[in-house]
Amino acid sequence: MPLPQEMRFVDLNAFGGPEVMTIGSGPLPVPEAGQVLVRAEAIGVNRPDIAQRQGSYPPPKDASPILGLELSGEIVALGPDVTDHAVGDKVCGLANGGAYAEYCLLPSGQVLPFPKGYDAVRAAALPETFFTVWANLFQMAGLTEGETVLIHGGTSGIGTTAIQLARAFGAAVYATAGSPEKCEACERLGAKRAINYRSEDFAEVIRAETGQGVDIILDMIGAAYFERNLASLAKDGCLSIIAFLGGAVAEKINLSPIMVKRLTVTGSTMRPRTAEEKRAIRDDLLAEVWPLLEAGTVAPVIHKVFTFEDVVAAHRLLEDGSHIGKIMLTV
């Protein structure tokens, strides 16, 4: 069946709140060398989408200005030199932009098959969080069996993924969350102890629970947690920062624990990484994580599914923060 000439997509008329998003139409993108064109069936909604909508997270110069970083669907066209995928393949993938649309271009090195037994919604819930967690927690921070890790934001998409993967690879997991219900969810996913940050000081709990601190912290809060994060790390520990929900500028912080305990502070964002770096993460996920997904050892946690047309409501729910797991769109 021939492809249509136009597609619907989520259009930003201006930066601002969720209401600035409307459904627009425009021409289908054409795959270039190393790209595949995917007809979207489901799309993940993520916090970087909110930042881009607000004007604080611009896409790279060579990326689509349309919102969206992950989707699943069917490959409908191949760019030149693409030999590792075929038209008709059911795939999910990490987009550099453009996922909030009926059709999206994906670099071939950022495309993964549906895990066996997965539908489009569950497959689309994987790429953004699994790429991020694998790169930061395993590749950069080097989490290994027998270590201890603290996951902040334990019921976010990143948090639910990180808790499960860390537990699956033999780590003892602690997590923070903002309500008793969310703490219970973290412990069901594999956290040894969930800490309600509204009523407990996580640094005090970690000190009481471990005696010496944790080996790794995966943090999305930033400045507001920085000093307590340093206090919560054991000797030779690593703080991996992936977002700044609590601010990016930390003032009057005592840095001496970094030297005294030989700590490492690192961080990254996924979008600026090169195609080669993202392909390496993709290859690791296929080898190490896809078998866990297919065995049911690890699974995406999906809070609610909206239609494509209800994208405004999906963003409002994500900003509200009451969700546990991923928020998705179907096309």
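Brief remarks follow.
- Candidates 242, 221, 217, 258, filtered to the one that is hydrophobic (A, V, I, L, M, F, W, C) and over 22 Å from the mean Cα position of the chain (by Cα): 258
- Filter pass, residue 86 being out of contact with any Ser or Thr (no Cβ under 7 Å at 6 or more places or on another chain) and either under 19 Å from residue 329 (Cβ atoms) or crowded, with 22+ Cβ neighbours inside 10 Å (or both): no
- So residue 138, is it of a type in the set (Phe, Trp, Tyr), surrounded by 24 or more Cβ atoms within 10 Å (Cβ to Cβ), in a helix (DSSP H, G or I) and in contact (Cβ under 8 Å) with a residue 24 or more places away in the chain: no
- Scanning region 66-86 for residues that are over 28 Å from residue 325 (Cβ atoms), assigned to a loop (DSSP other than H, G, I, E, B) and in contact (Cβ under 8 Å) with a residue 12 or more places away in the chain turns up 79, 80, 81, 82, 84, 85.
- Test for residue 318: is it surrounded by fewer than 21 Cβ atoms within 10 Å (Cβ to Cβ), in a helix (DSSP H, G or I) and in contact (Cβ under 8 Å) with a residue 24 or more places away in the chain: no
- All positions within region 253-272 that are in a loop (DSSP other than H, G, I, E, B) and among the small types (Gly, Ala, Ser): 268
- Some residue of region 44-52 being surrounded by fewer than 19 Cβ atoms within 10 Å (Cβ to Cβ) and either assigned to a loop (DSSP other than H, G, I, E, B) or touching a strand residue (DSSP E or B) at 6+ places or on another chain (Cβ under 9 Å) (or both): no
- If only residues of region 260-278 that are within 23 Å of residue 205 (Cα to Cα) and of a type outside the set (Val, Ile, Thr) are counted, the one that is surrounded by the most Cβ atoms within 10 Å (Cβ to Cβ) is 263.
- Considering 91, 121, the condition of being assigned to a strand (DSSP E or B) and aliphatic (A, V, I, L, M) is satisfied by 91 alone.
- Of the set (1) buried (at least 16 other Cβ atoms within 10 Å of the Cβ); (2) under 19 Å from residue 296 (Cα atoms); (3) among the small types (Gly, Ala, Ser), all apply to residue 170 but (1).
Residue-by-condition table, conditions (1) touching an Asp or Glu at 6+ places or on another chain (Cβ under 6 Å); (2) more than 18 Å from residue 42 (Cα to Cα):
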| site | (1), (2) |
| --- | --- |
| 101 | no, no |
| 117 | no, no |
| 143 | no, yes |
| 150 | no, yes |
| 154 | no, yes |
| 157 | no, no |
| 175 | no, yes |
| 180 | no, yes |
| 194 | yes, yes |
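- Test: residue in region 305-312 that is within 30 Å of residue 62 (Cβ to Cβ), of a type in the set (A, V, I, L, M, F, W, C) and either in contact with a Ser or Thr (Cβ under 6 Å, 6 or more places away or on another chain) or in the same structural domain as residue 160 (by TED's automatic domain parsing) (or both): no
The values are calculated or read from the model by the stated rules, or taken from the named source; none is laboratory data. Keep in mind that this is a model prediction, so the values were computed, not measured. Cβ: placed from backbone, ideal geometry, glycine included. Neighbour counts: every protein chain shown.
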